[in-house]
Amino acid sequence: MNGPEIHVEFAPELALFVPRAPHRTLVTDGVSSLGHVVESLGVPLTEVGALVVDGRPVPPSHVPEAAERVVVRPVERPQRVPGAPLRFLLDVHLGTLARRLRLLGVDTAYESTDIGDPALAARSAAEKRVMLSRDRGLLRRRELWAGAFVYSTRPDDQLQDVLDRFAPELRPWTRCTACNGLLTEATKEEVAEQLEGGTQRSYDVFARCTACGRAYWQGAHHDRLEAVVERALGTRTRRS
């Protein structure tokens, strides 16, 4: 490569992607866009909030010139996604996060099998959903509607990161954790075929998914789920 030499500095928040060299000088080819250069260094553009060249913001399509100093900034939080209601699509590796977002009433589609990056990106675009993934290659696909890297492997931290980054409206206990459908109140008689004898005797308040028909009640796991909801709502209250 024999083109302009530039200096690139990455914000500390992006250190996961460039752990060894947050500051570097490199020679470009004189043709590729700055967005392409940044992604070739390991940072998906979904994680870039602004590209600043010699003190002025530039678009990812900017073609670097000799001696330019580039600062790569992280996404500002909370991140606004214009043009559609805020909703998400998660890949096969984020099932627990998907269920927790649905528990909080956040519109969350999830693929429980690996349908491949092209199909995921196409669904993101068709349904205007923010793609959440730890797959950097997937997040680099141009057909995505929008995307975000999930930084942690721990579901508690993943949930907190998504809530902090996007600040979605929370409406706990309104969505089916299995299929994302909306819940409605149901009588015991309406869901009787899904209940075992002990459940029928012990509970009187039920909900049912309007999409898949699954029944819900405050069973043995309710305290654990309630703790997830209370942490999320408490964090939102402290932030506001």
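Note on the chain: Cα-only Rg and Dmax are 22.0, 77 Å.
Largest first, the extents of the alpha carbon coordinates of segment 58-180 on the three principal axes equal 55, 29, 28 Å.
Candidates Thr96, Leu144, Val63 compared by Cα position along the dipole of the chain: farthest toward the positive end lies Thr96, with charges placed on Cβ. Less than 5 angstrom separates the built amide H of Glu68 from those of His7, all sequence-distant by 5 or more or on a different chain.
For segment 1-85, the set of trypsin sites (Lys or Arg not before Pro) satisfying both a DSSP loop assignment and a count of at most 11 other C-beta atoms within 10 Å is given as Arg20, Arg80. Simple spin-label estimate for Ala167 and Arg154 gives 2.6 nm between the two label positions (7 Å along the Cα-to-Cβ direction from each Cα). So, with a 1.4 angstrom probe, what is the percent of accessible area on the chain that is carbon and sulfur? The nonpolar share, carbon plus sulfur, comes to 49 percent. Amide H contacts of Val75 (H built 1.01 Å from N, in plane; Pro and chain starts excluded): Gly49 sit under 5 Å, all sequence-distant by 5 or more or on other chains. Kindly state, to the nearest 0.05, the FRET efficiency for Arg142 paired with Cys179, given R0 = 51 Å and r defined as their beta-carbon distance. Approximately 0.95, to the nearest 0.05. The stretch between Arg56 and His23 holds 10.0 nm of extra length on full extension. This uses 0.36 nm per residue minus the Cα-Cα distance.
Rg/Rh, computed from the Cα trace of segment 1-141 with Rh as the Kirkwood radius, has the value 1.03. The share of C-alpha pairs in segment 95-142 whose separation exceeds 11 Å stands at 69 percent. Any chance you could give the angle, 0 to 90 degrees and rounded to 10, that helix 155-166 forms with the longest Cα principal axis of the chain? That helix lies at roughly 70 degrees to the long axis. In this view, the solvent-accessible surface of His36, computed with a 1.4 Å probe and all protein chains in place, comes to about 90 Å². Return the whole-Å distance between the Cα centroid of segment 63-137 and the Cα centroid of segment 184-206. Going from one Cα centre to the other spans 37 Å. With a Förster radius of 45 Å applied to the C-beta separation of Val71 and Arg214, the computed FRET efficiency comes to 0.35. Accessible area per residue for segment 34-137 is 44 Å², calculated with a 1.4 Å probe on protein heavy atoms, without ligands, DNA or RNA.
Near the amide H of Thr174, within less than 5 Å, lie the amide hydrogens of Gly105, all on another chain or at least 5 residues away, with H placed in the peptide plane.
The values are calculated or read from the model by the stated rules, or taken from the named source; none is laboratory data. Quick caveat: nothing in here was measured; it's all calculated off a predicted structure. In this analysis, Cβ positions are derived from the backbone assuming ideal geometry, glycine residues included, and neighbour counts consider all displayed protein chains. For the accessible areas, the whole protein counts, side chains as well, though only heavy atoms, and no ligand, DNA or RNA atoms are used. Shrake-Rupley method; radii C 1.70, N 1.55, O 1.52, S 1.80 Å.
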